[in-house]
Amino acid sequence: MAQDSLSTKLIIKTSLNSYLPTLSFNTGNANIEVEKPYRKNALLFSGGYVYSYGPTTSGGYFSSIPQNHTSGGQLGIEYRHYFGRTKVFEPLCLLAWPLVFQLKGIKKNNAGLYLSSQFVYRYTDSKIPKTDFDINHTDLLQRHNPAFIVKLGFQSINKYGFTVDQSIGFGAQYIYYKTNYDNARIWEFLYNANGRDAFFPKLVYAFKIGYAFN
């Protein structure tokens with residue numbers, strides 16, 4: 001098979017599960033990712049707009065930060081190496097059913113099993129009800145969240161260029177809050193329940209679709 005037929009010039013994707021509302025802030029992330037392959041390696045750049053699905057209140061099974069509206073942005077850069085294993089082991093579909101979307105992939109240098117490292121930075125502004133902090137103080141909460149993640153994934157490209165990319169990842173993140181009310185108590189589900197600025201683990205899953213330009 002000729003080298004040109006194994007090469008893809010560019011892939012543009014979006015992560016579908018990123019549009020789902022988050023537990024603590026009830027936000028989605030309208031995102032786009034551009035992948036530039038080079039042989040069996042690739043460099044990826046991503047960006048997103050964080051938007052609000054509506055207010056949240058404190059309490060309940062999942063502790064949320066009381067907020068009226070949250071918005072912001074996210075940027076990321078990722079380096080990948082593909083191992084050349086482009087065939088899905090079909091019995092695995094019984095354990096991980098989303099793999100059924102990747103059974104019809106063709107052989108490409110930037111398809112199949114891969115390992116990657118990613119740096120991502122997320123920033124949001126949240127409008128907080130003043131009565132939750134102090135009646136005489138600000139209602140703005142800024143959240144900074146840089147993270148470094150190592151991911152294992154599988155990307156498939158069919159003969160028409162349609163692309164499906166799934167991955168799981170684990171890494172470390174730093175969560176930093178800023179308000180002009182020093183005594184604000186912040187209760188964020190899972191990672192930052194005690195309101196401290198610190199490092200925390202980060203576990204991610206992504207289901208992306210896109211188009212490969214040959």
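The values are calculated or read from the model by the stated rules, or taken from the named source; none is laboratory data. Just so it is clear, the model here is predicted, and its values are computed rather than measured. Positions of Cβ are backbone-derived with ideal geometry, glycine not excepted, and every protein chain shown enters the neighbour counts.
For segment 200-214, what are the residues that are exposed (fewer than 13 other Cβ atoms within 10 Å of the Cβ) and closer than 15 Å to SER18 by Cβ?
LEU203
Within segment 140-174, how many residues turn out to be in a strand (DSSP E or B) and free of Cβ contacts under 8 Å to residues at least 12 places away in the same chain?
Total meeting the criteria: 0.
Check whether at least one residue in segment 13-21 is touching a strand residue (DSSP E or B) at 6+ places or on another chain (Cβ under 6 Å), in a loop (DSSP other than H, G, I, E, B) and either at pLDDT 95 or above or closer than 26 Å to GLY112 by Cβ (or both), and report yes or no.
No, there is no match, as no residue in segment 13-21 is touching a strand residue (DSSP E or B) at 6+ places or on another chain (Cβ under 6 Å), in a loop (DSSP other than H, G, I, E, B) and either at pLDDT 95 or above or closer than 26 Å to GLY112 by Cβ (or both).
Does segment 48-61 contain at least one residue that is at pLDDT 95 or above and polar (S, T, N, Q)?
Taking every residue of segment 48-61 in turn, none turns out to be at pLDDT 95 or above and polar (S, T, N, Q).
Considering only segment 150-181, how many residues are surrounded by 15 or more Cβ atoms within 10 Å (Cβ to Cβ), among the aromatic types (Phe, Trp, Tyr) and under 23 Å from TYR211 (Cβ atoms)?
Looking only at that region, the number is 2.
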